[in-house]
Amino acid sequence: MSKKLLTIFGATGNQGGSVISTVLASQALSAKYALRAITRDTTKPNAQALASKGVELAKADLNDPSSIASAIKGSYGVFAVTNYWETTSKEVEFNQGKNIVDACKSEGVKHLVWSGLPNTTAMTSGELSRIEHFDSKAQVTDYATKIKGDSLLVSTFMPGFFMSNLLGQIKRQEDGTIALSLPWDADKTWLPLLDIRGDTGKYVAGLFEAGSAADGVAVQGVSEWVHPAQIISLVAELSGQDVKFQPQEMTVEMTNNMDRIPAEMVQNMILIRDYSYFGKGTEQKQAESDKYVAEGTKLNNWNSWAKEQKWAW
């Protein structure tokens, strides 16, 4: 029996790279799926490293629908991720996602797993309306749901808060203290931490494996839900330093006078504090998403990930 072809966008990045690593690391998955990596430059070392492992390489321009169609031709499944921060344009990101969806439909792809996020404007009834990198991805999900028809399965993987972000956010402050300083409550805010490189692929592969049972499903990509106090306690222990949490005073009203990108980032942090990132109470519903983790794989946790990092300032 021939293998099903999975075409992976962002193949040399965190999310796409994780999907490829997960499949290659599993005897069962690699026996079932062949892999095609989409990259802008197939000659780069990261791309060539994938080729050496038997991954097919292909090029595509997300702004060019015809190149996307050519790149995904013959695919059973497609994992698609876009990068808002390359252009910081909600319109560009939506159009790139739309191009991918349209190509999947026209080329007869059976299953699209889209890296999306919730629509925070809708979720918060307009309170948090400036988190464009969430809303643009949510609009792609809505578009895909609208046009997919009966032939295309669409699943959404929603990555949580990257553990790797904390490497830069826990830092020496102006007063000399080492601290994580954000508008959260140290003991009450739930943070949906994700080992983006280690765990993304476990969810995505699981969604492909679930097939029609995953149609219309949106999974919360979370390795572990933790409080800021737990983060600081472990980093202090591992580093041997006095590490503190410094809560900031931040309100939505304050963002009214901010430039676009700073306002987006602050509202993103308020989203975590007031809406648990995916929506109020979603930390209690994680088991609904974790049932899609690929069989034979295990999610990482904050303790084990943090122990592998270098905490020094």
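Sticking with the crude label model, points 7 Å out along Cα→Cβ, report the distance from A31 to K98 in nm, one decimal please.
With each label point 7 Å from Cα toward Cβ, the separation is 4.4 nm.
Setting aside same-chain residues fewer than 8 positions from K146, which lysines have a Cα under 29 Å from its Cα?
K4, K59, K73, K90, K98, K105, K110, K137, K202, K280, K285, K291
Quote the charge dipole size of the stretch 163-313 about the Cα centre in Debye, to the nearest 20; the model charges only the Cβ of Lys and Arg (+1) and of Asp and Glu (-1).
240
Quick one: if you take sqrt(5λ) for each eigenvalue of the C-alpha gyration tensor of the stretch 4-308, what semi-axes come out, biggest first, whole angstrom?
Details: eigenvalues 215, 101, 66 Å².
Semi-axes, largest first: 33, 22, 18 Å.
Excluding residues on the same chain fewer than 8 positions from K148, give the aspartates and glutamates whose Cα lies under 16 Å from its Cα.
Straight-distance partners of K148: D102, E107, D215.
Given a 1.4 angstrom probe, I'd like the percentage of the accessible area of the chain that is carbon and sulfur, rounded to a whole number.
Using a 1.4 Å probe with all protein chains present, the chain comes out at 47 percent carbon and sulfur.
Relative to the present Cα-Cα distance, how much length would full extension add between W85 and K307 at 0.36 nm per residue of separation?
The W85-K307 span can extend by a further 77.0 nm.
Just to be sure I understand the model, the point goes 7 Å from the Cα along the line to the Cβ. What's the resulting D175 to S66 distance in nm?
Calculated label separation equals 6.1 nm.
Nothing charged except the Cβ atoms of Lys and Arg (+1) and of Asp and Glu (-1): what's the magnitude of the dipole of the stretch 4-308 about its Cα centre? Round to the nearest 20 debye.
Working: 29 positive and 35 negative charges, 211 e Å.
For this selection, approximately 1020 debye.
Cα convex hull of the stretch 42-141: how many Å³ per residue?
Convex hull volume per residue, Cα atoms: 110 Å³.
Given a 1.4 angstrom probe, what's the average accessible area per residue across the stretch 4-308, in square angstrom?
43
Tell me, what is a quarter of the convex hull surface for the C-alpha atoms of the stretch 184-272, in nm² with one decimal? Let's see the in-between values first.
On the way: hull surface 33.6 nm².
With every direction weighted equally, the projected area is 8.4 nm².
Take peptides 157-165, 197-205, 185-193 and line them up by average Cβ neighbours within 10 Å, highest first, as a rough protection proxy.
Ranked by mean Cβ neighbours within 10 Å, highest first: 197-205, 157-165, 185-193.
Hey, what's the per residue convex hull volume over the C-alpha atoms of the stretch 162-202, in cubic angstrom?
Once divided by residue count, the hull of the stretch 162-202 is 79 Å³.
List the extent of the Cα atoms of the stretch 123-262 along each of their three principal axes, largest first, rounded to whole Å.
59, 38, 22
The values are calculated or read from the model by the stated rules, or taken from the named source; none is laboratory data. All values derive from a computational prediction rather than experimental measurement. Every residue, glycine as well, gets a Cβ built from its backbone with ideal geometry; the counts of neighbours run over all protein chains shown. The protein model used for the area step is the full one, side chains on, heavy atoms only, and it has no ligands, DNA or RNA in it. Shrake-Rupley method; radii C 1.70, N 1.55, O 1.52, S 1.80 Å.
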